[in-house]
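Asks: Dumping the structure here so I can ask a few things about it.
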Amino acid sequence: MTSTGEVYLSLFGDNFEPDNVSQHIGLVATASRKKGARNPDIPLPRVSSWAFSTGKIEDDVISVYEMSEHLVEKLAPYALKIAQAREIFNLTCVLQVVLWIDQDDTKSMPAIGFERSVIDFLKVIGGTIDIDTYRN
């Protein structure tokens, strides 16, 4: 079994249209949900959300440093528009790190940290970081 990781930017708020955020930023979300939208596979969302991810990584060694830097390289050209969207739509911006860690003691643990470019990007957009870890 290997570990899996995903790093994505999530914008969420009480009630907004995710397509309007995509339009404002100039970037299509890789995932979005509208508050109260019905889906048999997931509970009713309590907030609307817009997210952009570079996808899940499955490997023996997961590097949050590399994953977050790769994501920010893609998002950096949109930083000011993301910051504007945060203000206009009253959103919260969070860099989400989700790790499913292999419990095999012989395997490496994920490298968790953030390069200066990621921290600087979060400062520009008014974002925070949330890290969730799960056992595989």
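Here's the yes/no breakdown for (1) open to solvent by 60 Å² or more (accessible area, probe 1.4 Å); (2) part of a strand (DSSP E or B); (3) free of Cβ contacts under 8 Å to residues at least 40 places away in the same chain:
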| residue | (1), (2), (3) |
| --- | --- |
| 12 | yes, yes, no |
| 67 | no, no, no |
| 72 | no, no, no |
| 79 | no, no, no |
| 84 | yes, no, no |
| 95 | no, yes, no |
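Asks: Looking at the range 103-113 only, could you name the residues that are of a type outside the set (Val, Ile, Thr) and surrounded by fewer than 19 Cβ atoms within 10 Å (Cβ to Cβ)? Talk me through it step by step, then tell me what you get.
Replies: Quick first cut of the range 103-113, residues of a type outside the set (Val, Ile, Thr) only: 103-105, 107-111, 113.
Within the range 103-113, 103, 104, 105, 107, 108, 109, 111, 113 qualify.
Asks: Then there's this: Restricting the search to the range 97-106, which residues are in a strand (DSSP E or B) and out of contact with any Gly (no Cβ under 8 Å at 6 or more places or on another chain)?
Replies: Here is the first cut: in the range 97-106, the ones in a strand (DSSP E or B) are 97-101.
Residue satisfying the conditions is 101 alone.
Asks: Let me ask another. Is there any pair linking a residue in the range 108-120 that is modelled with pLDDT under 95 to one that is part of a helix (DSSP H, G or I) and open to solvent by 60 Å² or more (accessible area, probe 1.4 Å), with Cβ under 7 Å and at least six apart or on different chains, and which?
Replies: Note: pairs meeting the criteria are 111/65.
Asks: Further question on the same structure: Just to be sure before I move on: is residue 128 in a strand (DSSP E or B) and open to solvent by 20 Å² or more (accessible area, probe 1.4 Å) in the structure I sent? Step through it out loud before you land on a result.
Replies: Values: in a strand (DSSP E or B): yes; open to solvent by 20 Å² or more (accessible area, probe 1.4 Å): yes.
So residue 128 passes the test.
Asks: Out of 22, 32, I need the residue that is of a type outside the set (Phe, Trp, Tyr), over 23 Å from residue 120 (Cβ atoms) and modelled with pLDDT under 95. Which one?
Replies: Numbers: 22 fails: modelled with pLDDT under 95.
The unique qualifying residue is 32.
Asks: Are any residues in the range 56-107 in contact with a Phe, Trp or Tyr (Cβ under 8 Å, 6 or more places away or on another chain) and either within 14 Å of residue 136 (Cα to Cα) or modelled with pLDDT under 95 (or both), and if so, which ones?
Replies: Hits for the range 56-107 are 98, 99, 100, 101.
Asks: OK, next. What residue, of 5, 55, is part of a loop (DSSP other than H, G, I, E, B), in contact (Cβ under 8 Å) with a residue 24 or more places away in the chain and open to solvent by less than 60 Å² (accessible area, probe 1.4 Å)? Walk me through it before giving the result.
Replies: Values: 5 fails: part of a loop (DSSP other than H, G, I, E, B).
Sole residue among the options that is part of a loop (DSSP other than H, G, I, E, B), in contact (Cβ under 8 Å) with a residue 24 or more places away in the chain and open to solvent by less than 60 Å² (accessible area, probe 1.4 Å): 55.
The values are calculated or read from the model by the stated rules, or taken from the named source; none is laboratory data. Since the model is a prediction, treat every value here as computed from it, not as a measurement. Note that we place each Cβ from the backbone using ideal geometry, even for glycine, and neighbour counts take in every protein chain shown. Just so you know, the surface numbers come from the protein's heavy atoms only, side chains and all, with ligands and any DNA or RNA stripped out. Shrake-Rupley method; radii C 1.70, N 1.55, O 1.52, S 1.80 Å.
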